[in-house]
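This report concerns only the one structure given below.
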Amino acid sequence: MFRAWIVFLGMGMLIGLVGCDSEPSSENVSEILKENARKKAEYLEKGNQIAKASFEALSGKLKNTIATDGIEGAIRTCNIHASPLVDSLSNEYGATIKRTSLKIRNEVNSPSPDEKHILKLYSRAKDANETLMPIVLLDSNWVSFYSPILVKPICLNCHGEPNQDLDISTIDLLRSMYPTDRAYGYKEDELRGIWSIKFESD
């Protein structure tokens, strides 16, 4: 009985773990690799589409709120509307969408052991000045898609250096809403976290 579990790592690596009761022929291995390549492209496209839609929905909401109600208004909006907005997109795409980080603001976004491992991989790659690419993990039933979130200038309004990017009133508001907040002290282009997206495989 042939069974395969394939891991695609977007940073230039492809690992295939294949188990079977009999040695597969070179022709079978070639077909498996072709099918894996096709699935990789398909799942990368879908994961990127979901991540992009999620980012645009959240950033658009925040930009509009900043324009009308300032940074503190955006923080309150994020606190109230971010999770329902992501849940709505999860339902729309038939996926589980999550943002997580090694330095979280909201406890509900704490990374799972698998997500923590991916975050550490990205962190090491970033420290080595490597280009961060999406990662796809594929098994027989589910696809796990991960994509890096880098700090943009707008992010510094809520995640930057205290008393430099964040003023006292912003710091006080964040502390009142998120007593265990660790999601600050970032600089532009640093790794903020990841999109963690799961959906059923074909």
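The values are calculated or read from the model by the stated rules, or taken from the named source; none is laboratory data. Because the structure is a prediction, the values reported are computed rather than measured. Here the Cβ is made from the backbone with ideal geometry for all residues, glycine too, and neighbour counts use every protein chain on show.
Filter the range 78-108 down to the residues that are more than 23 Å from K187 (Cα to Cα) and among the β-branched types (V, I, T) and list them by number. Residues satisfying the conditions are I80, V86, T96, I97, V108.
Filtered by the rule that a residue be within 25 Å of T96 (Cα to Cα) and under 18 Å from the mean Cα position of the chain (by Cα), the range 177-189 gives R182, A183.
Here is a yes/no grid of residues against (1) among the charged types (D, E, K, R); (2) modelled with pLDDT of 95 or more; (3) assigned to a strand (DSSP E or B):
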{"position": "A125", "(1), (2), (3)": "no, yes, no"}
{"position": "V136", "(1), (2), (3)": "no, no, yes"}
{"position": "L156", "(1), (2), (3)": "no, no, no"}
{"position": "T170", "(1), (2), (3)": "no, no, no"}
{"position": "R175", "(1), (2), (3)": "yes, no, no"}
{"position": "A183", "(1), (2), (3)": "no, yes, no"}
{"position": "K187", "(1), (2), (3)": "yes, yes, no"}
{"position": "R192", "(1), (2), (3)": "yes, yes, yes"}
{"position": "W195", "(1), (2), (3)": "no, yes, yes"}
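Cβ-Cβ contacts under 6 Å between residues 6 or more apart (or on different chains), taken from a first residue in the range 148-159 that is farther than 20 Å from A67 by Cα to a second residue that is in a helix (DSSP H, G or I) and of a type in the set (D, E), are absent.
For the range 160-177: of the residues being in contact with a helix residue (DSSP H, G or I) (Cβ under 7 Å, 6 or more places away or on another chain) and free of Cβ contacts under 8 Å to residues at least 40 places away in the same chain, which is surrounded by the fewest Cβ atoms within 10 Å (Cβ to Cβ)?
Just the residues of the range 160-177 that are in contact with a helix residue (DSSP H, G or I) (Cβ under 7 Å, 6 or more places away or on another chain), to begin with: 162, 165, 169-170, 173-174, 177.
Those left that are additionally free of Cβ contacts under 8 Å to residues at least 40 places away in the same chain: 162, 165.
Values: P162: 13, D165: 19.
Here the residue is P162.
Could you tell me whether S140 is of a type in the set (S, T, N, Q) and either under 23 Å from V108 (Cβ atoms) or in contact with a strand residue (DSSP E or B) (Cβ under 6 Å, 6 or more places away or on another chain) (or both)? So S140 does not fit the description; no. Are any of the residues in the range 23-40 in a loop (DSSP other than H, G, I, E, B) and either surrounded by 14 or more Cβ atoms within 10 Å (Cβ to Cβ) or in contact with an Asp or Glu (Cβ under 6 Å, 6 or more places away or on another chain) (or both)? Checking the range 23-40: at least one residue is in a loop (DSSP other than H, G, I, E, B) and either surrounded by 14 or more Cβ atoms within 10 Å (Cβ to Cβ) or in contact with an Asp or Glu (Cβ under 6 Å, 6 or more places away or on another chain) (or both).
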